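Okay, so here's the structure we're looking at.
The values are calculated or read from the model by the stated rules, or taken from the named source; none is laboratory data. Here the structure is a predicted model, which is why all the values come from computation and not from measurement. Note that each Cβ is placed from the backbone with ideal geometry, even for glycine, and that neighbours are counted across all protein chains shown. Note: areas computed on protein heavy atoms with side chains; ligands, DNA, RNA excluded. Shrake-Rupley method; radii C 1.70, N 1.55, O 1.52, S 1.80 Å.
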Amino acid sequence: QVQLVESGGGLVQAGDSLRLSCTASGRTVKTYGIGWFRQAPGKEREFVATIRWLDGSTNYADSMKGRFTISRDNAKNTVYLQMNSLTPEDTAVYYCAATRSLLSRRRDDYNYWGQGTQVTVSS
């Protein structure tokens, strides 16, 4: 069992940066990969990035490369999503999730989900 709690969302202006946090708990959490997804109103939930706890390997959606960076702090059991140069198109609820299918981009491979954190980017 894995529990995930996101934080760090909010209202920002276009061009700003924001860092989201996902704190994970559970006895075997370090054997999972942690991914970030986002869902805008009326749209499908889409993959953003994922990281493997063991060695920090990462995988990004092509459209997120260069602006978004995923990282982890093993001591704090926390995964971060640094988002730069935000635009109104980045407005969404951002979710973190855990998977045994390390570095997967597929939503269906993720078994545990957090409650989400709202990111709103104004123009």
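What nm value, rounded to one decimal, do you get for the distance between Ser101 and Ala75 when each label is placed 7 Å out toward the C-beta?
About 3.5 nm separates the two model spin labels.
At 1.4 Å probe radius, can you tell me the per residue accessible area of the range 2-102 in Å²? Can you show the working numbers first?
On the way: 4720 Å² over 101 residues.
In whole numbers, the range 2-102 has 47 Å² accessible per residue.
Can you compute the equivalent ellipsoid semi-axes for the range 48-98, i.e. the square root of 5 times each eigenvalue of the Cα gyration tensor, sorted largest first and rounded to whole Å?
21, 12, 10
Can you compute the FRET efficiency between Asn59 and Thr28 using 1/(1 + (r/R0)^6), with r the Cβ-Cβ distance and R0 = 25 Å? Round to the nearest 0.05.
For Asn59 and Thr28, the calculated efficiency is 0.75.
Which one, Leu4, Val29, Val93, is farthest towards the positive end of the dipole of the chain when Lys and Arg carry +1 and Asp and Glu -1 on their Cβ?
Most positive-ward Cα: Val29.
Could you give me the ³J(HN,Hα) list for the range 25-39, computed from phi with Karplus coefficients 6.51, -1.76, 1.60 and θ = phi - 60°, whole Hz, x at Gly and Pro?
Using θ = phi - 60°, the values come out as 9, x, 4, 10, 4, 6, 8, 9, x, 10, x, 10, 10, 9, 9 Hz.
Applying the Karplus parametrisation 6.51 cos²θ - 1.76 cosθ + 1.60 with θ = phi - 60° to the phi angles of the range 118-123, what ³J(HN,Hα) value in whole Hz is obtained for each residue in order, glycine and proline being reported as x?
7, 10, 10, 10, 8, 8
Carbon and sulfur together cover what percent of the accessible area of the chain at a 1.4 Å probe radius?
Details: 2740 of 6120 Å².
Percent of accessible area from carbon and sulfur atoms in the chain: 45.
Taking the dipole about the Cα centre of the chain, with the C-beta of Lys and Arg at +1 and of Asp and Glu at -1, give me whichever of Gly114, Leu54, Leu18 is farthest to the positive side.
Towards the positive end, the residue furthest out is Leu54.
Near the amide H of Trp53, under 5 Å away, which other amide H atoms are found, from residues 5 or more places off or on another chain, if H is placed in the peptide plane?
Under 5 Å from the amide H of Trp53: Ile34.
Show me the trypsin sites (Lys or Arg not before Pro) within the range 1-35 that DSSP assigns to loop and that have at most 13 other Cβ atoms within 10 Å of their Cβ. Write down the numbers at each step before the final one.
Details: sites: Arg19, Arg27, Lys30; in loops: Arg27.
Here the sparse-neighbourhood loop sites are Arg27.
Magnitude of the Cβ-charge dipole of the chain, K/R +1 and D/E -1, about the Cα centre, nearest 20 debye?
Details: 15 positive and 11 negative charges, 76 e Å.
Here the chain has a charge dipole of around 360 debye.
I need the P(r) histogram for the chain: all alpha carbon pairs, bin width 10 Å from 0 out to the longest distance, whole percents.
Result returned by the calculation: 15, 50, 30, 5, 0.
Multiply the residue gap between Glu44 and Gln118 by 0.36 nm, knock off their C-alpha separation, and tell me the result in nm, one decimal place. Provide the component values of the computation, followed by the final result.
Details: separation 74, 0.36 × 74 = 26.64 nm, distance 1.55 nm.
Contour length minus the Cα-Cα distance gives 25.1 nm.
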